[in-house]
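Engineer: I am attaching a structure below and will ask some questions about it afterwards.
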Amino acid sequence: MPASQPAHRTAARWLAALVGSLAVLLALPALSHAEESNPNNYSCLGHTAPGAPEAGSEEVQVRYIFYCDGPITGYQVESQIPMTGVEGSPLVVNREKNAVTDTFSCSGAFPGYALNCVGLAKGGYEWITGQFAIGKRLCAEPRVDPLLTVTYASVEKGVVTQAISGPFDLGRPKGCRADASSDGTRLSPKSSGKGHRKAHKGKKHSKKR
């Protein structure tokens, strides 16, 4: 995919494909109302940070980590900075930070603006950690600030239902020196702090005698 293609088109195509052709493969029993949150209205939290160097690669790695308050069967991380690669198998741990058997497989078209992952986190509050590569310094402006969208496919009485929650802002990388843009994110940009200009004073007119 050309790097110049708008990111929102990538996201739209991926979401359509995920909830369509992959829904049947990933479908799980429907959640009971008392069991988990509404998969169309999940709350997901996460952040980004410097990633671990990849053997044989000089590209800058960006680590992302997040959890949601319900199970998911897929997710997308979309960046406004072109991605040049992706880690194929993110790490999944439970809320006690113990490894679990849940897994995801990630891929994408690079250079591009999104990585797409399918798999399973069976319960809420499972931490998912992965990374992707970019072709610039991590702390150089504009800094990478990816958005997360998650999906959940379930089946009830033979009918497949797809749910989507997001986007959630994973934020600018931790560990970078603060600058004028540090207090803002893509979804909540920092205000310029500049007030309205003062009205210009009118020209003085000489008094009539």
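Engineer: Of the numbered conditions (1) modelled with pLDDT of 90 or more; (2) outside any strand (DSSP E or B); (3) of a type in the set (S, T, N, Q), residue 182 fails exactly one; give the number of that condition.
Structural biologist: The failed condition is (1).
Engineer: When residues of the stretch 147-180 are filtered for being hydrophobic (A, V, I, L, M, F, W, C) and surrounded by fewer than 12 Cβ atoms within 10 Å (Cβ to Cβ), how many remain?
Structural biologist: Counting residues in the stretch 147-180 that are hydrophobic (A, V, I, L, M, F, W, C) and surrounded by fewer than 12 Cβ atoms within 10 Å (Cβ to Cβ) gives 3.
Engineer: Restrict the check to the stretch 47-54 and report whether at least one residue is surrounded by 21 or more Cβ atoms within 10 Å (Cβ to Cβ), more than 27 Å from residue 161 (Cα to Cα) and not aliphatic (A, V, I, L, M).
Structural biologist: Of all residues in the stretch 47-54, those surrounded by 21 or more Cβ atoms within 10 Å (Cβ to Cβ) come to 48, 51.
Adding the requirement that they be more than 27 Å from residue 161 (Cα to Cα) leaves 48, 51.
After this cut, where a residue has to be not aliphatic (A, V, I, L, M) as well, the list is 48, 51.
Taking every residue of the stretch 47-54 in turn, at least one turns out to be surrounded by 21 or more Cβ atoms within 10 Å (Cβ to Cβ), more than 27 Å from residue 161 (Cα to Cα) and not aliphatic (A, V, I, L, M).
Engineer: Which residues, taken from the stretch 122-149, are touching a Phe, Trp or Tyr at 6+ places or on another chain (Cβ under 8 Å) and more than 16 Å from residue 84 (Cα to Cα)?
Structural biologist: 124, 125, 126, 127, 128, 129, 147, 148, 149
Engineer: Going residue by residue through the stretch 130-149, is there one that turns out to be among the basic types (Lys, Arg), over 12 Å from the mean Cα position of the chain (by Cα) and under 23 Å from residue 55 (Cβ atoms)? Even if it seems obvious, please write down each step before you answer.
Structural biologist: Restricting attention to the stretch 130-149, the residues satisfying the condition of being among the basic types (Lys, Arg) are 136-137, 143.
If we keep only those that are over 12 Å from the mean Cα position of the chain (by Cα) as well, we get 136-137, 143.
Next, from what is left, pick out any that are under 23 Å from residue 55 (Cβ atoms): 136-137.
Yes, the stretch 130-149 contains a residue that is among the basic types (Lys, Arg), over 12 Å from the mean Cα position of the chain (by Cα) and under 23 Å from residue 55 (Cβ atoms).
Engineer: Using the structure shown, decide if residue 154 is in contact (Cβ under 8 Å) with a residue 24 or more places away in the chain, polar (S, T, N, Q) and assigned to a loop (DSSP other than H, G, I, E, B).
Structural biologist: Spelling it out, it is not the case that residue 154 is in contact (Cβ under 8 Å) with a residue 24 or more places away in the chain, polar (S, T, N, Q) and assigned to a loop (DSSP other than H, G, I, E, B).
Engineer: Right, residue 165: modelled with pLDDT of 95 or more, small (Gly, Ala, Ser) and more than 30 Å from residue 58 (Cα to Cα) or not? Don't jump to the end; show me each part of the working.
Structural biologist: Working: modelled with pLDDT of 95 or more: yes; small (Gly, Ala, Ser): yes; more than 30 Å from residue 58 (Cα to Cα): yes.
In short, yes.
Engineer: Can you pull out every residue in the stretch 56-94 that is among the hydroxyl-bearing types (Ser, Thr, Tyr) and at pLDDT below 95?
Structural biologist: Correct list: 57, 89.
Engineer: Just to check your reading of the model, which residue among 115, 187, 170, 148 is modelled with pLDDT under 95 and aliphatic (A, V, I, L, M)?
Structural biologist: Result: 187 is the single residue among 115, 187, 170, 148 that is modelled with pLDDT under 95 and aliphatic (A, V, I, L, M).
The values are calculated or read from the model by the stated rules, or taken from the named source; none is laboratory data. Everything quoted here is computed from the prediction, not taken from an experiment. A quick note on method: Cβ atoms are made from the backbone with ideal geometry, for glycine too, and the neighbour counts reach across all protein chains shown.
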